[in-house]
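A quick write-up on the structure given underneath.
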Amino acid sequence: MKSIFNLSKGILSVALISVAFASCSEDTMDNINKDKDHTTSVPAKFILADVITATAFSNIGGDFNTYYSTYVEHMVGVDNQLANAEKRNGEPSASSTFNNVWGNLYSTLKNARIAINISSNEVTGNYTTKGIGEVLAAINAGLIADSFGDTPFSQAALPELANGQPQFLTPELDKQEAIYTAIMEYLDAAITDLPKGDKSDEIGEYDFIYKGDGEAWLKLAYGLKARYTMRLLARSSSKDADLQKILEYVDKSYTSIEEQAAFSIYSATNLNPLFDFQWSRDGLAASKSYADKLIERNDPRLRRIFCIGQGKLTENENAVSIQVTGADDPRFLMADNGTAESVKYEYNTPIFVYSQTCPTLLMSYHELLFLKAEALARLNRKDEAANALKDAVVAAIANAETGVSAAFNAPTVKSYGGVKETTKAITATEAEEYFTNNVKPLFDANPVKEVMVQKYIAFLGAFGETTECYNDVRRLKAMGEEYIKLDNPYKFPLRAPYGADDVSANPNVEAAFGNGQYVYTDPVWWAGGSR
């Protein structure tokens, strides 16, 4: 940006003359400071390219996903901030913990709203592009509401005024319930707009998910309707009716894994966010409570998804890590939840921390199938629910193998010796046998519980799905269904704290934050709380 301090010394000398300085109007000085080198109006497709990237990398795959992995015991924090989060030592309640993603979320939501406004021009008539913006606005609004509960929304993340100032300097907090109304309105608008197409300047290659395919985005919109309707189940006044709606939305969504919303542009230089974090920090280890659920079911993923800690490699093992063959492997070493030593390289790690090019999923096919299975199980349509759960488990295992393969083929990891593969991939036939022999008996004993445990197992990975798992755990708690056994002896964080930038700058947020300890006592509204 241009500044008066970049002007020549001669002009500065004139400016320092008091009479001349006094004659300069405020408007003239503002004009001098304007950035005239960058456009202030661009096509929506360019804005949405940034929105898609930020949504996937920073907001879905970033800090939420990493920290929440310790809350739900997908992984164990063993170093620095993650060790603090594991032991609830400041991190879960500090306003600094999620400050980066707080800012990213509001910036992304604002850009999505700008893209929607641009695409709403009747002359332009880019309805598919507008619908994509509406879907992305719904996703980011969901991340904001689910994590923070009551939070700035209707007065926040808005385009600036003509003078470049925010419309509201200290936006008020909206109720989480009201934000959820807006989420559904975004999705309903998208469902109307997406099939209409674009009259000009189609988004095409700037859509990193579906290349401007409105029908594909429409299926995602219906899938999200199913997700968010299920999220509100504890607050539903007509649960059976809402469960039926979920089934209707699922029927209009994905029909195969190829249709899921995958952000798949990671490479040797564009790094999957989980890999990026672990490769630079090494702060996460494999979780004992998670592994125990696999052991209980003799789950074939036991032989595929864990690696030895780097500190356990011998001198002649020329590799970054080696795949653990199962619970009977001599080097099978999980970290105890909440009580593990805060030490790097000691414990096993999930193999997914090496999945350098693994896609981030805005919504997966297996999530959709688990929603279907849960709805059917809660409606007591047991046989249909069993079939849906079988499909979900098979799809989830196939997805896990995608993450495992990404670890074995990670370009940076391979340059250091790679991860050594010691077991064979799980086939679809083996996954089906696992369901019949191991999962089905547990499903028969308690259908909803086994659906939720299998969904919990499936959401570990480098795909960014741990945040959804955290939402599920809280939703089940609100319904009095403690189906996901967690072993960490410390208190469970019920929400994320507000970001430091607004805790210090917005009195409304500061008052709601207090000392931050509300994260342990106040559930969000859809989980039974008041805010």
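Just so you know, all these numbers are worked out from the coordinates, no wet-lab data involved. What you see is a predicted model; the values in this text were computed from it and never measured. With ideal geometry, Cβ positions are generated from the backbone for all residues, glycine too; neighbour counts draw on all protein chains shown.
Test of understanding: what is the full-extension gain from residue 184 to residue 423, defined as 0.36 nm times their sequence separation minus their Cα-Cα distance?
Difference between extended and current length: 81.6 nm.
For the peptides 372-379, 399-406, what is the packing order when you average, over each peptide's residues, the other Cβ atoms within 10 Å and list the highest mean first?
By packing density, highest mean first, the sequence is 372-379, 399-406.
Treating only the Cβ atoms of Lys and Arg (+1) and Asp and Glu (-1) as charged, compute the dipole magnitude of the stretch 281-477 about its Cα centre; round to the nearest 20 debye.
Rounded to the nearest 20 debye, it is 340 debye.
Work through the residues other than residue 190 whose Cβ is under 12 Å from its Cβ and net out their charges, Lys, Arg +1 and Asp, Glu -1.
For residues surrounding residue 190, the net value is 0.
Select from 435, 402, 458 the residue farthest towards the positive end of the dipole of the stretch 281-477; place +1 on Cβ of Lys and Arg, -1 on Cβ of Asp and Glu, and compute about the Cα centre.
So the residue furthest toward the plus end is 458.
Using modelled amide H (1.01 Å from N, peptide plane; none on Pro or chain starts), what sits under 5 Å from the amide H of residue 208, excluding residues fewer than 5 places away?
Here the answer is none, since no amide H 5 or more places off falls under 5 Å of that of residue 208.
Taking the mean number of other Cβ atoms within 10 Å as a proxy for protection, how do you rank 450-456, 263-269 from highest to lowest?
Ranked by mean Cβ neighbours within 10 Å, highest first: 450-456, 263-269.
Diagonalise the Cα gyration tensor of the stretch 233-317 and give the resulting equivalent ellipsoid semi-axes, square root of 5 times each eigenvalue, largest first, whole Å.
In descending order the semi-axes read 37, 21, 14 Å.
Quick one: angle between helix 176-193 and the longest Cα principal axis of the chain, in degrees between 0 and 90, rounded to 10, please.
Computed tilt is about 90 degrees.
Highest mean first, how do 58-65, 255-262 rank when packing is the count of other Cβ atoms within 10 Å averaged over residues?
58-65, 255-262
Please work out how much length the chain gains when fully extended from residue 117 to residue 201, using 0.36 nm per residue of separation minus the C-alpha to C-alpha distance, in nm with one decimal.
This chain segment gains 28.7 nm when fully extended.
Report the label-to-label distance for residue 482 and residue 446 in nanometres (one decimal), using points 7 Å from each Cα along the Cα→Cβ vector.
Computed distance between label sites residue 482 and residue 446 equals 1.1 nm.
What is the local net charge at residue 439, summed over the other residues whose Cβ is closer than 13 Å to its Cβ (Lys, Arg +1; Asp, Glu -1)?
-1
Return the Rg/Rh ratio of the stretch 442-531 with Cα-based radii and a Kirkwood Rh.
Taking Rh as the inverse mean 1/r over Cα pairs, Rg/Rh reads 1.06.
For a test of the definition: using alpha carbon positions, the gyration tensor, and the 1.5 limit on a/c, classify the stretch 403-495 as rounded, prolate or oblate.
Judged from the Cα gyration tensor, the stretch 403-495 comes out oblate (a/c at least 1.5, b/c at or above a/b).
With the crude spin-label approximation of a point 7 Å out along Cα→Cβ, what separation in nm comes out for residue 380 versus residue 490?
4.3 nm
What does a probe at residue 438 reach in the stretch 300-315, counting residues whose amide N is under 18 Å from the point 7 Å along Cα→Cβ?
Residues 300-307 qualify, since their backbone N sits under 18 Å from the label point.
If R₀ is 41 angstrom, what is the calculated FRET efficiency for the pair residue 163 and residue 415, using the beta carbon separation as r and rounding to 0.05?
0.20
Just check the chain against the gyration tensor rule for me: Cα atoms, a ≥ b ≥ c as the square roots of the eigenvalues, rounded for a/c under 1.5, and otherwise prolate or oblate depending on whether a/b exceeds b/c.
Prolate, since a/c reaches 1.5 and a/b exceeds b/c.
Positive end of the charge dipole of the chain (Lys, Arg +1 and Asp, Glu -1 on Cβ, about the Cα centre): tell me which of 187, 363, 486 has its Cα farthest that way.
My answer, from the dipole projection, is 486.
Short version: what are the Cα gyration tensor semi-axes of the stretch 281-477, square root of 5 times each eigenvalue, largest first, in whole Å?
30, 17, 16
With charges only on Cβ, +1 for K and R and -1 for D and E, what is the dipole size of the chain about its Cα centre, in debye, rounded to 20?
In debye, rounded to 20, the chain gives about 420.
Filter the cross-link list 288/491; 130/252; 110/239; 87/239; 110/245 down to pairs whose alpha-carbon distance in this structure exceeds 28 Å.
Those over the limit are 110/239; 87/239; 110/245.
Compute the acute angle (0 to 90°) between the alpha-carbon long axis of helix 99-119 and the principal axis of greatest extent of the alpha-carbon atoms of the chain; round to the nearest 10°.
70 degrees
In deg cm²/dmol and to the nearest 500, what is the mean residue ellipticity at 222 nm of the chain if only DSSP H runs of at least 4 residues count, each as -39500 (n - 2.57), divided by the residue total?
It lands at -15000 deg cm²/dmol.
Please find the FRET efficiency linking residue 280 to residue 510, where r is the Cβ-Cβ separation and R0 is fixed at 35 Å, and quote it to the nearest 0.05.
The formula returns an efficiency of 0.60 here.
Return one number: the angle in degrees, 0 to 90 and rounded to the nearest 10, between the long axis of the Cα atoms of helix 239-251 and the longest principal axis of the Cα atoms of the chain.
The angle comes out near 80 degrees.
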